[in-house]
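Okay, so here's the structure we're looking at.
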Amino acid sequence: MKSSILECDERYKMIERLEKEIEEIEASEAYKAEASLKGDIDKVLKDHNKEPKDLLTIYPSLVQPTKEQAPTKPGGRTLPTKTYRNPHTGKEVQAKNTRHKILQQWKKEHPDENIDEWIVKA
C-alpha cells in the first residue's frame, strides 16, 4: 500500500505533465486555427441570437446518424438455440451452432461420435 504522501506527489507530477501537454497543444498551429474558427463561429451565432444546436437544423448533414437513425442491415436468418447433453458427463450446453467452445472440446474428446445426436432440445 502506498503512502498518502507518495500518492499526492504522483498526482502533482501528473498535473504538471498534463499542464505541459496542454501548453504544447495550445502552442500548435492546428489548435490556434481551430480556436480562431470556433471564436468566429461563436461570434456569428451571438450576432444572430443563435445557439450551436441551431447549426444542426441549418446543416443537418453535420450530425452523424446514431444507431437508432442508422439504416439497419436486412435481417438475416437467426439460428435457434439448441441444447446439447454430453452422454458421458451429463453436462448440458446451449449453443446456436457446433462452433461453440465446449462443443468443440467434446468433439476432440469423442471424435468417433456425432455431436448432433446429443441434441436434447432444439
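The values are calculated or read from the model by the stated rules, or taken from the named source; none is laboratory data. From a predicted model like this one, the values you see are computed outputs, not experimental measurements. With ideal geometry, Cβ positions are generated from the backbone for all residues, glycine too; neighbour counts draw on all protein chains shown. Areas reflect the complete protein model, heavy atoms only, side chains present, ligands, DNA and RNA absent. Shrake-Rupley method; radii C 1.70, N 1.55, O 1.52, S 1.80 Å.
Could you list all residues from region 26-38 that are surrounded by 10 or more Cβ atoms within 10 Å (Cβ to Cβ), part of a helix (DSSP H, G or I) and not charged (D, E, K, R)?
As a first pass, look at region 26-38 and keep what is surrounded by 10 or more Cβ atoms within 10 Å (Cβ to Cβ): 26, 28, 31-38.
Remaining after also requiring part of a helix (DSSP H, G or I): 26, 31-38.
Scanning region 26-38 gives Tyr31, Ala33, Ala35, Ser36, Leu37.
Return yes or no: is Ile25 farther than 30 Å from Val120 by Cα, among the β-branched types (Val, Ile, Thr) and at pLDDT 95 or above?
When the stated conditions are applied, Ile25 passes them.
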*asked:* Looking at the structure I just gave you, is Arg11 touching an Asp or Glu at 6+ places or on another chain (Cβ under 9 Å) and open to solvent by 90 Å² or more (accessible area, probe 1.4 Å)?
replied: no
*How many residues does region 110-122 hold that are open to solvent by 100 Å² or more (accessible area, probe 1.4 Å) and at pLDDT 85 or above?*
2
*Being polar (S, T, N, Q), part of a loop (DSSP other than H, G, I, E, B) and open to solvent by less than 60 Å² (accessible area, probe 1.4 Å) is the filter; apply it to region 81-97 and report the residue that is farthest from Ala122 (Cα to Cα).*
Asn86
_Test set (1) part of a helix (DSSP H, G or I); (2) open to solvent by less than 90 Å² (accessible area, probe 1.4 Å); (3) of a type outside the set (Ser, Thr, Tyr); (4) at pLDDT below 90 - Ala70 fails condition number_ = (1)
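Can we say Lys53 is open to solvent by 90 Å² or more (accessible area, probe 1.4 Å), in a helix (DSSP H, G or I) and modelled with pLDDT under 90?
Values: open to solvent by 90 Å² or more (accessible area, probe 1.4 Å): yes; in a helix (DSSP H, G or I): yes; modelled with pLDDT under 90: yes.
Taking the combined requirement at face value, the residue satisfies it.
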*Any chance Arg77 is exposed (fewer than 11 other Cβ atoms within 10 Å of the Cβ) and either free of Cβ contacts under 8 Å to residues at least 40 places away in the same chain or among the aromatic types (Phe, Trp, Tyr) (or both)*: yes
